[in-house]
Structure formats: structure tokens, C-alpha cells
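Report on one structure; see the data block that follows.
The values are calculated or read from the model by the stated rules, or taken from the named source; none is laboratory data. Here the structure is a predicted model, which means the values were calculated and not measured. Here the Cβ is made from the backbone with ideal geometry for all residues, glycine too, and neighbour counts use every protein chain on show.
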Amino acid sequence: MAHNQQYIYVLVDPNTDDIRYVGKSKNPQTRMTDHINGHGRGAKKYMWVDSLVENNQKPLLRILEKCDESEVRERERYWIKYFNNMGFDLTNSVYKGYDKIIRIFRLQYI
């Protein structure tokens, strides 16, 4: 059914083409606006997005796949693991591993 359709998407750095964030949403465009406006969690992600906005840029949104709502969490975990294994410096504040959710806290000093 269409109302159960979800999307797995990535946010890409427009300067490097590096994938920086993996997410899920029923409406990726609206979710992208939320990221730019700072709605949600993930200090590392918002520091990155804010640095782009300060330079009149925004992340690029790319859809990876459509999936049913019942499998969206599993697919998001798959893609996070995949891109972590590929060496991308993801800004996801929560790494969703096999069966556990492990919070990753990183202090950044300027």
C-alpha cells in the first residue's frame, strides 16, 4: 500500500560527494528541510549541515530505495553499516548495529 511506503536516503556533501548521513522518511524532501532547519537529533550532523548553510550550500539528497514501513528500520541499518564499512564518515548520531542501538558520543573541541 502506498501509505506504508518509506524511503531510505542519504545526504551527500556537495563539495566532496561523500555520503555523510543515512536516513529514512515517508517524505524525504520535507525531512531534508528539517535537517537544514536543525530539527531532530545528532550534533555532528547539524554541525556539518550548519557549516554548509553558512557557505550558502546545502546537502544533496539522494534516494537509495523505497521500501515498506515494516522493513524500513532493517534497511536503514543495512545502509548505515554498508557505508560505515566503505569508510564514509557518517554523521549519524546513532549507529544501529545488528541487535543493539549503540549511542556514539564524540566531543569536539574548537
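Of the residues TYR21, TYR78, TYR9, only one is more than 11 Å from the chain's Cα centre (by Cα) and of a type in the set (Phe, Trp, Tyr); which?
Step by step, each of TYR21, TYR78, TYR9 is checked, and only TYR78 is more than 11 Å from the chain's Cα centre (by Cα) and of a type in the set (Phe, Trp, Tyr).
When the residues of the range 20-33 are narrowed to those that are exposed (fewer than 14 other Cβ atoms within 10 Å of the Cβ) and under 22 Å from ASN55 (Cβ atoms), which ends up modelled with the lowest pLDDT?
The residue in question is THR33.
Does ASP17 count as out of contact with any Pro (no Cβ under 7 Å at 6 or more places or on another chain), in a loop (DSSP other than H, G, I, E, B) and at pLDDT 95 or above?
yes
Look at TYR46 and say whether it is surrounded by 17 or more Cβ atoms within 10 Å (Cβ to Cβ), assigned to a strand (DSSP E or B), of a type in the set (Ser, Thr, Tyr) and in contact with a Ser or Thr (Cβ under 9 Å, 6 or more places away or on another chain).
no
Conditions: (1) in contact with a Lys or Arg (Cβ under 6 Å, 6 or more places away or on another chain); (2) of a type in the set (D, E, K, R); (3) modelled with pLDDT of 95 or more. ARG62 meets all but one. Number of the miss?
(1)
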